[in-house]
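The values are calculated or read from the model by the stated rules, or taken from the named source; none is laboratory data. Everything quoted here is computed from the prediction, not taken from an experiment. Glycine gets a Cβ as well: all are built from the backbone with ideal geometry, and neighbour counts include every protein chain shown.
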Amino acid sequence: MPRQLGSDWFLRSRLKLRHLRLMVALDEHRNLHRAAESMGIPQPAASKLLAEVETIIGHQLFERHPRGLSPNMQGEIMIRNAKIALRTLVQAGEEITALAHGHSGVVTVGTVMAPMVELLAEAISDVRTRHPRLQISVELDVSDALADKLLDRRIDFSLARIPHGMDPSAFVYRELWGEAVHFLCREGHPLAEKDTVPLGEMAGWPWVLQPPGAPLRLALERAYLASGCKFPENVINSSSAVMAMIMVDRSDSITAMEWHVARLLSGMGRFRVLRPPEQLWVEPYGLLSLADRPLSPGATMLYDTIVEIAARKSGPERPMDTAAQ
């Protein structure tokens, strides 16, 4: 029967850091000789380490091939968690080093581009005023990628959504707010001077939209379905807000964007907000952290500041009728 590993199996079996380093090296090189070279040890020593790990686990971890090794399912599990364990130790060293040099700590936060990046920028400015030596790194990405980075311990927390298909029990989620969807066109567009523009009328124009499956695209598709109008046929799909605005600026295209982005761009004087009769909302964003990993002191300071600022901003000023004048 397969060996049952208790919660303290790694303590009783004397699993060592060099075993974890070998897992990562084998994943990178898929060859025992090259993995040994990368660790600065002879190949027989690497073979012995691998045999020790497989004995400790009670499973073969790699399939042996004439030209190298490939991890099986048990091997993939060990590799993924070896990376997490080593990365956590690296982060601990960075935090201790930062404190030794007079810093207030180290935090790496992930965020989607819009609308959370504006909230994060304000929170960082606030925190740095009170803790100027706190080292902060920011990673911009989509919610799916940020969730993967969070699970891999590459970021402390994120401002994003819980991706569909992921186990929500792995995360702690604190909802911040939903975003009103605004429709933008260029200054001088035939629809620009209208007080309200029904979705059916907008559908006849070219569009630049987020790709199918994106939360904003799904919200728009649901709105068209509920209105009984046909969804726009002339659509260019792009995940880039910059690409969308270039197309809108240089043509009669319409795009849909969340409140923060629309507010910033409509204030530039080159774009106008089109208002449908009914306000449209996109799935809310929130703060995402790991359920089994407490935040560091530095990450907690930034997290709490974001919560405070978000609470001040979530109020009656957020509806569409006052958001992008």
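For region 129-153, the candidate set comprises residues that are under 20 Å from residue 301 (Cα atoms) and of a type in the set (D, E, K, R); within that set, the residue that is surrounded by the fewest Cβ atoms within 10 Å (Cβ to Cβ) is 130. The C-beta contact set for region 125-140 (first residue touching a residue at least 12 places away in the same chain (Cβ under 8 Å) and over 21 Å from residue 91 (Cβ atoms), second residue surrounded by 13 or more Cβ atoms within 10 Å (Cβ to Cβ) and β-branched (Val, Ile, Thr), distance under 6 angstrom, 6+ apart or interchain) comprises 126/305.
In region 36-52, how many residues are part of a helix (DSSP H, G or I) and under 19 Å from residue 15 (Cα atoms)? Show your work before the answer.
We begin by selecting, within region 36-52, every residue part of a helix (DSSP H, G or I); these are 36-39, 43-52.
Remaining after also requiring under 19 Å from residue 15 (Cα atoms): 36, 39, 44-52.
Residues in region 36-52 being part of a helix (DSSP H, G or I) and under 19 Å from residue 15 (Cα atoms): 11 in total.
Residue selection: residue 55 fails the criterion of being of a type outside the set (A, V, I, L, M, F, W, C) and either in contact with a Cys (Cβ under 7 Å, 6 or more places away or on another chain) or closer than 25 Å to residue 290 by Cβ (or both).
Right, residue 224: within 30 Å of residue 303 (Cα to Cα) and in contact with a Leu (Cβ under 7 Å, 6 or more places away or on another chain) or not?
Numbers: within 30 Å of residue 303 (Cα to Cα): no; in contact with a Leu (Cβ under 7 Å, 6 or more places away or on another chain): yes.
So residue 224 does not fit the description; no.
Within region 165-186, the set of residues being surrounded by 12 or more Cβ atoms within 10 Å (Cβ to Cβ) and in a loop (DSSP other than H, G, I, E, B) comprises just one member, 166. If a residue has to be at pLDDT below 95 and assigned to a loop (DSSP other than H, G, I, E, B) to count, how many in region 205-230 make the cut? Going through region 205-230 one residue at a time, the tally reaches 8. Filter region 178-201 for residues that are out of contact with any helix residue (DSSP H, G or I) (no Cβ under 7 Å at 6 or more places or on another chain) and within 30 Å of residue 141 (Cβ to Cβ) and give the result. Passing the criteria: only 178. Of 209, 220, 191, all but one fail to be crowded, with 19+ Cβ neighbours inside 10 Å, touching a residue at least 24 places away in the same chain (Cβ under 8 Å) and farther than 12 Å from residue 282 by Cβ; the exception is 209. Filtering region 52-79 to residues that are buried (at least 17 other Cβ atoms within 10 Å of the Cβ) and either of a type in the set (Gly, Ala, Ser) or not assigned by TED's automatic domain parsing to the domain that holds residue 33 (or both) leaves only 75. Region 53-157 holds strands (runs of 3 or more DSSP E) entirely within its bounds, and those carrying 3 or more residues that are within 14 Å of the chain's Cα centre (by Cα) and at pLDDT 90 or above map to 105-111, 134-140.
Only one of 27, 8 is at negative phi, in contact with a helix residue (DSSP H, G or I) (Cβ under 9 Å, 6 or more places away or on another chain) and not small (Gly, Ala, Ser). Can you tell me which? Quick ask: steps written out before the conclusion?
Details: 8 fails: in contact with a helix residue (DSSP H, G or I) (Cβ under 9 Å, 6 or more places away or on another chain).
Result of the check over 27, 8: 27.
The criterion of being outside any helix (DSSP H, G or I), outside the structural domain of residue 290 (by TED's automatic domain parsing) and closer than 24 Å to residue 210 by Cβ holds for residue 189.
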